[in-house]
Amino acid sequence: MPTKITRLASASGGASLEDVEGFSLASPRVSHTTADGTLRLNLIDGVCYRLVRPVSHHHGHLTEAFRADWGLTDAAIVQVTLTLTFPGRIRAWGIHRFTIDRLFAATGSLLIVCYDGRRGSRTFGRINEFMFGTRNPGLVVIPPGVYHGWQNIGDDEATIVSMPSRLYDYNAPDRWELLWNSGEAEATIPYKWPCHSTNPESVDRPR
């Protein structure tokens, strides 16, 4: 029996979506970037970022993690630390009194989050999210007094290169921590981590 083919007519006037069941519950799509690739972010005061483009050649790939002439910060680099995070794991929330953090997402799929809890800040209460990693390498610069942390939202190990402005003091670290799944953190920081790992047992959970 021959198959009946129905051609779609060109709808110059568009569809009458108001007559579609459930349309009133839908939300218009908002792009995460502009046409030139800039992230649509209202940045926390003092937080800045840079997406980087790997350079490919016959020998492999080269990616710059930080350059002073990018103009993100003039703070010195005194130490470089490589942190590996297992799939699904969350490392948050950390905060510094003096240290400027530079976090470069080198591999994996990382969700880096910043929260401005500074009462006198013009961006008090604001949250910034950055999705960086192997396919979208980038650097985030975080000023003192801003909570920050990250989650490995991929299925492989993820690495962050940290380039702080102050040496780590083993006797008196310039770091305070508010455990992400504690009641205190949930009452202070209005953010819910996605926790969508393919291995649920790899995610820290409240006890």
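Where a number appears in this text, it was derived from the coordinates with a stated rule and is not lab data. Small disclaimer: the values here were computed from a predicted structure and weren't measured. Glycine also receives a Cβ, built like all others from the backbone with ideal geometry; neighbour counts cover every protein chain displayed.
Details
- Note on GLU64, GLU18: ascending count of other Cβ atoms within 10 Å places them as GLU18, GLU64, the fewest first.
- Using distinct alpha-carbon pairs, which all enter the 1/r mean, Kirkwood radius of the chain in Å: 19.8 Å
- Hydrodynamic radius by Kirkwood, which averages 1/r over all alpha carbon pairs of segment 55-100, in angstrom: 14.6 Å
- Neighbour-count ranking [beta-carbon atoms within 10 angstrom, fewest first] of LEU43, LEU178: LEU43, LEU178
- Proxy reagent accessibility, fewest Cβ within 10 Å first, across VAL55, VAL140: VAL55, VAL140
- At q = 0.11, 0.26 Å⁻¹, base-10 log of I(q)/I(0) for segment 14-98 (Debye sum, equal scatterers on each alpha carbon): -0.65, -1.34
- 222 nm mean residue ellipticity, helices alone, for the chain (DSSP H n ≥ 4; -39,500 (n - 2.57); rounded to 500): -500 deg cm²/dmol
- The modelled label-to-label distance for the pair PHE124/ALA68, using points 7 Å beyond Cα in the direction of Cβ, is 3.7 nm.
- Additional length obtainable on full extension of the chain from HIS59 to THR188, 0.36 nm per residue less Cα span: 41.6 nm
- Protection proxy ranking for 163-176, 114-127, 93-106, 28-41, using the average of other Cβ atoms within 10 Å per residue and placing the highest first: 93-106, 114-127, 163-176, 28-41.
- Spatially, segment 22-69 and segment 70-139 are offset by 14 Å when compared through their Cα centroids.
- Share of pairwise Cα-Cα distances greater than 19 Å in segment 50-127 is 56 percent (whole percent).
- Segment 33-145 - charge dipole about Cα centre, Lys and Arg +1 at Cβ, Asp and Glu -1, debye rounded to 20: 300 debye
- The Cα-based radius of gyration of segment 109-172, divided by its Kirkwood radius, gives an Rg/Rh of 1.02.
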